[in-house]
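Novice: I am attaching a structure below and will ask some questions about it afterwards.
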Amino acid sequence: MSRAIVVANAGSSSLKFTEYLVRADRTLQRHLGGTLEELYGAARFRARDAEGNTLAEHRWPVRTPPGHEGALDFIFQWMREAGSDADVIAVGHRVVHGGADYAAPVRIDDTVLTKLEALYRWHRSISRTICCRSG
């Protein structure tokens, strides 16, 4: 089975993701990616392969948007069922603004989350959901 790393970028109303396969020489190969937009309105999902071909599309009714947590559930379920047979070995999450404390990549832990909560009230649930729902 292939091994993969998933990178997520959660915005205020969207979620982007990319899956990279880990090659034998430990380099990464973009495998697939996608977006979920308008997570609290007329939400829509689109996934594409590395060449840009559409793999899947989905729309939610306006009255039943998935929100961030539902979007993550949908992505990981879709990846397991249709998108990839790779074993996800790591998940990364992009934080756009880390304030004065974080200007470079860091591993997310409770201390980092506590500091980021002052900047983003929703960050803890998104980050924890990304980290804990990947498997």
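The values are calculated or read from the model by the stated rules, or taken from the named source; none is laboratory data. Not measured: the values here are computed from a predicted model. Because the Cβ atoms are built from the backbone with ideal geometry, glycine has one as well, and the counts that use them run over all protein chains shown.
Novice: Of the residues that sit in region 85-114 and are closer than 20 Å to Leu72 by Cα, out of contact with any Gly (no Cβ under 7 Å at 6 or more places or on another chain) and outside any loop (DSSP other than H, G, I, E, B), which one is modelled with the lowest pLDDT?
Specialist: Filtering first and then ranking leaves Arg94.
Novice: Here is a further query. If you check Phe17 against the conditions, is it of a type outside the set (Val, Ile, Thr), in contact with an Asp or Glu (Cβ under 7 Å, 6 or more places away or on another chain) and buried (at least 17 other Cβ atoms within 10 Å of the Cβ)? Don't jump to the end; show me each part of the working.
Specialist: Details: of a type outside the set (Val, Ile, Thr): yes; in contact with an Asp or Glu (Cβ under 7 Å, 6 or more places away or on another chain): no; buried (at least 17 other Cβ atoms within 10 Å of the Cβ): yes.
Answer is no for this residue.
Novice: Here is a further query. Within region 22-35, take every residue that is touching a Phe, Trp or Tyr at 6+ places or on another chain (Cβ under 8 Å) and closer than 14 Å to Leu55 by Cα and give me the one that is surrounded by the most Cβ atoms within 10 Å (Cβ to Cβ).
Specialist: Start the filter on region 22-35 by keeping residues that are touching a Phe, Trp or Tyr at 6+ places or on another chain (Cβ under 8 Å), which leaves 28-31, 33-35.
With closer than 14 Å to Leu55 by Cα added as a condition, the list becomes 31, 33-35.
Working: His31: 19, Gly33: 20, Gly34: 23, Thr35: 17.
Among those residues, the one meeting the criterion is Gly34.
Novice: Now for a separate question. Out of all the residues in region 13-26, is one or more of a type in the set (Lys, Arg), outside any helix (DSSP H, G or I), farther than 25 Å from Leu116 by Cα and in contact (Cβ under 8 Å) with a residue 12 or more places away in the chain? Explain how you work it out, then say what you get.
Specialist: First pass over region 13-26, keeping only residues of a type in the set (Lys, Arg): 16, 23, 26.
Of the ones still in play, those that are also outside any helix (DSSP H, G or I) are 16, 23, 26.
Next, only the ones that are farther than 25 Å from Leu116 by Cα stay: 23, 26.
When the remaining residues are screened for being in contact (Cβ under 8 Å) with a residue 12 or more places away in the chain, the result is none.
No: region 13-26 contains no residue that is of a type in the set (Lys, Arg), outside any helix (DSSP H, G or I), farther than 25 Å from Leu116 by Cα and in contact (Cβ under 8 Å) with a residue 12 or more places away in the chain.
Novice: Considering only residues that are of a type outside the set (D, E, K, R), surrounded by 13 or more Cβ atoms within 10 Å (Cβ to Cβ) and in a helix (DSSP H, G or I), which ones fall in region 38-81?
Specialist: Of everything in region 38-81, those that are of a type outside the set (D, E, K, R), surrounded by 13 or more Cβ atoms within 10 Å (Cβ to Cβ) and in a helix (DSSP H, G or I) turn out to be Gly67, His68, Gly70, Ala71, Leu72, Phe74, Ile75, Phe76, Trp78, Met79.
Novice: Output yes when any residue across region 88-109 is surrounded by fewer than 16 Cβ atoms within 10 Å (Cβ to Cβ) and in contact with a Ser or Thr (Cβ under 7 Å, 6 or more places away or on another chain), and no when none is.
Specialist: No, region 88-109 contains no residue that is surrounded by fewer than 16 Cβ atoms within 10 Å (Cβ to Cβ) and in contact with a Ser or Thr (Cβ under 7 Å, 6 or more places away or on another chain).
Novice: Of all residues in region 14-35, how many are touching a helix residue (DSSP H, G or I) at 6+ places or on another chain (Cβ under 9 Å) and of a type in the set (Ser, Thr, Tyr)? Give the derivation first.
Specialist: Filtering region 14-35 for residues touching a helix residue (DSSP H, G or I) at 6+ places or on another chain (Cβ under 9 Å) gives 14-15, 17, 19, 31-32, 34.
Subsequent filtering for residues that are of a type in the set (Ser, Thr, Tyr) retains 14.
Residues in region 14-35 being touching a helix residue (DSSP H, G or I) at 6+ places or on another chain (Cβ under 9 Å) and of a type in the set (Ser, Thr, Tyr): 1 in total.
Novice: Would you mind telling me which numbered condition in (1) assigned to a helix (DSSP H, G or I); (2) closer than 18 Å to Ile5 by Cβ; (3) at pLDDT below 70 Ser134 fails?
Specialist: Here Ser134 meets the rest and fails (1).
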